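A short worksheet on the structure shown next.
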Amino acid sequence: MRVVSVNVGREETIEHGTRSFRTGIRKRPAEGAVSIGSDSVAGDTISDKRHHGGADQVVYAYSADDYDWWSEQLGRKIAPGTFGDNLTIAGLPSDMSVGDRLLIGDVLLEATAPRIPCSTLAAQMQDPGFGMAFRRAEKPGIYFRVLNEGEVSAGDAVTYIENPAPVVSALDLYRLAFDNRPDPAALERYLEAPLAERMRASIEEKLSAARKP
């Protein structure tokens, strides 16, 4: 695995239909090394802090291979950073488990949750149906917390460290987000993983609803 690009973005206004979005989703490859801190990526902006960012969703990574797939599907080049990813990585596994780690130089990242599509992504793509297309493709990308800070540059090698005691894959959590009748036993098991807090809260809410008679 290797880093194809490190992407950062400033807050911009995106017009889509009758709505305007102030967002930092539109990220572009940075030149040189970028500092990855425990709570932020240097030079990057997160506008919607209710749904994005935080200590356990500092970095969003997306597979360069999946970008190639999207480019083929859409008939146009989809560049790194288009989906709001901070790291575009060649060879990023699609079956990562929560708790799996990536080592990039001194930077150590731990997977915490999949990305769930939102209206901002559809606005970024200028396609009201893109959220559904993204959902069906099951290529969500992954959020990470930062366990060790440092700098990352395009071209850096990435070492994949599997969680020795995996509980749930990011893809299973992604599917869970759209499941209206989840298995309570599975939900209880998922809560044992080192989840992002937003994902944990979502699972706890689903579990509470599933337990109701």
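If you go through segment 25-41 one residue at a time, do you hit one that is of a type outside the set (Ser, Thr, Tyr), in contact with a helix residue (DSSP H, G or I) (Cβ under 9 Å, 6 or more places away or on another chain) and farther than 22 Å from Gly155 by Cα? Yes, because at least one residue in segment 25-41 is of a type outside the set (Ser, Thr, Tyr), in contact with a helix residue (DSSP H, G or I) (Cβ under 9 Å, 6 or more places away or on another chain) and farther than 22 Å from Gly155 by Cα. I'd like to check something: does segment 167-181 contain any residue that is in a helix (DSSP H, G or I), over 15 Å from the mean Cα position of the chain (by Cα) and surrounded by 14 or more Cβ atoms within 10 Å (Cβ to Cβ)? There is at least one residue in segment 167-181 that is in a helix (DSSP H, G or I), over 15 Å from the mean Cα position of the chain (by Cα) and surrounded by 14 or more Cβ atoms within 10 Å (Cβ to Cβ). Of all residues in segment 64-106, exactly one satisfies the criterion of being among the hydroxyl-bearing types (Ser, Thr, Tyr), farther than 14 Å from Phe144 by Cβ and touching a residue at least 60 places away in the same chain (Cβ under 8 Å), namely Ser94. Put simply, of Ala123, Ala79, Ala137 the only residue that is of a type outside the set (Val, Ile, Thr), surrounded by fewer than 21 Cβ atoms within 10 Å (Cβ to Cβ) and within 15 Å of Arg26 (Cβ to Cβ) is Ala79. Screening Pro117 with (1) more than 24 Å from Asn7 (Cβ to Cβ); (2) touching a residue at least 12 places away in the same chain (Cβ under 8 Å); (3) not basic (Lys, Arg) gives one miss only, at (1). Please determine, by comparing only the residues of segment 116-156 that are small (Gly, Ala, Ser) and part of a loop (DSSP other than H, G, I, E, B), which one is modelled with the lowest pLDDT. Filtering segment 116-156 for residues that are small (Gly, Ala, Ser) and part of a loop (DSSP other than H, G, I, E, B), the one modelled with the lowest pLDDT comes out as Gly129.
Here's the yes/no breakdown for (1) over 13 Å from the mean Cα position of the chain (by Cα); (2) buried (at least 21 other Cβ atoms within 10 Å of the Cβ); (3) not in a helix (DSSP H, G or I):
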{"site": "Arg26", "(1), (2), (3)": "yes, no, yes"}
{"site": "Gly32", "(1), (2), (3)": "yes, no, yes"}
{"site": "Ser35", "(1), (2), (3)": "yes, no, yes"}
{"site": "His52", "(1), (2), (3)": "no, no, yes"}
{"site": "Gln73", "(1), (2), (3)": "yes, no, no"}
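The values are calculated or read from the model by the stated rules, or taken from the named source; none is laboratory data. Given the structure is predicted, the values throughout are model-derived calculations rather than measurements. When we count neighbours, we look across all protein chains shown, and the Cβ atoms used for this are built from the backbone with ideal geometry, even at glycine.
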